[in-house]
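*Asks:* I have a structure here, written as structure tokens, and I will follow up with some questions on it.
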Amino acid sequence: MSTSPPVPAATAAPADVPLWRPALTLFALLSLVTGLAYPLAVTGIAQTLFPEPANGSLVVRDGKVVGSALIGQAFTDPGHFWSRPSATGPMPYNAANSGGSNLAPTAPALADAVKARIAALRAADPGNTAPVPVDLVTTSASGLDPHISRAAADYQAARVARVRGLPPAQVQALVERYTEGRALGFIGEPRVNVLRLNLALDALAPPAAGRRNSSTP
């Protein structure tokens, strides 16, 4: 009767094989690829194709940086267009603490905040009885929106023109000029960058003495 050949026992790896060498080689390789080559490639592409946003889209006036086109600012002077409210802490539009209020639609605190914002808008422009655009009284998820809707800009145009003593048509034309279209022609809605629009207003007709907004140097 034939018998099967014995199955050889598993051969154990020699105890003296230096396992640290491939581990160290892989660590060095991944460090070069992910820590050096990839960041340099992404930075180079960004600086070549998108230099302005890659450097923060900084807005400069008279040789001084006055803000970023990507981060909202608080404007409370009736002679300026107001931004979308921000719920970041400990101060509004805090880029180091982006976030929303996380209040539910039925939260009393949200209703109170909206009422207070509507009251402030009405107080700044008592003759305006048009419906208040929702983005002027509610915060976003980021709290950093640099834009308002075209409806929000149109709602404020008459107030700004009256306070600055400008023809309404001139202010409306400025709003039209600073209206940005949909991304790629179909994504999102037309919007207005508040900082750029207010800087253009200041260049056209400086705000009255004592009424300059704290966010505008």
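The values are calculated or read from the model by the stated rules, or taken from the named source; none is laboratory data. As the structure is a prediction and not an experimental result, all values here were calculated from the model. Note that each Cβ is placed from the backbone with ideal geometry, even for glycine, and that neighbours are counted across all protein chains shown. Each accessible area value is taken on the protein alone, full model and side chains, heavy atoms only, with ligands, DNA and RNA left out. Shrake-Rupley method; radii C 1.70, N 1.55, O 1.52, S 1.80 Å.
*Asks:* Can you tell me which residue is farthest from Thr88 (Cα to Cα) among those in segment 134-148 that are in a helix (DSSP H, G or I) and aliphatic (A, V, I, L, M)?
*Replies:* Val134
*Asks:* So, one more: Within segment 52-61, which residues are at pLDDT 85 or above and loosely packed, with under 11 Cβ neighbours inside 10 Å?
*Replies:* Within segment 52-61, just Val60 meets the criteria.
*Asks:* Mind checking which pairs have a first residue in segment 131-154 that is touching a residue at least 40 places away in the same chain (Cβ under 8 Å) and under 22 Å from Ser98 (Cα atoms) and a second that is β-branched (Val, Ile, Thr) and part of a helix (DSSP H, G or I), Cβ under 6 Å, 6 or more apart or different chains?
*Replies:* Matching pairs, first to second residue: Val137/Val114; Val137/Ile118; Ile148/Val194.
*Asks:* Just to verify a result, which residue in segment 163-181, among those that are of a type in the set (A, V, I, L, M, F, W, C) and more than 17 Å from Pro78 (Cα to Cα), is least open to solvent (accessible area, probe 1.4 Å)?
*Replies:* Of everything passing the filter in segment 163-181, Ala173 is least open to solvent (accessible area, probe 1.4 Å).
*Asks:* Something else now. Which pairs turn up if I take residues in segment 165-187 that are under 13 Å from Phe81 (Cβ atoms) and look for partners that are open to solvent by 70 Å² or more (accessible area, probe 1.4 Å) and not in a loop (DSSP other than H, G, I, E, B) with beta carbon separation below 6 Å, at least 6 apart in sequence or on another chain?
*Replies:* Tyr178/Arg196
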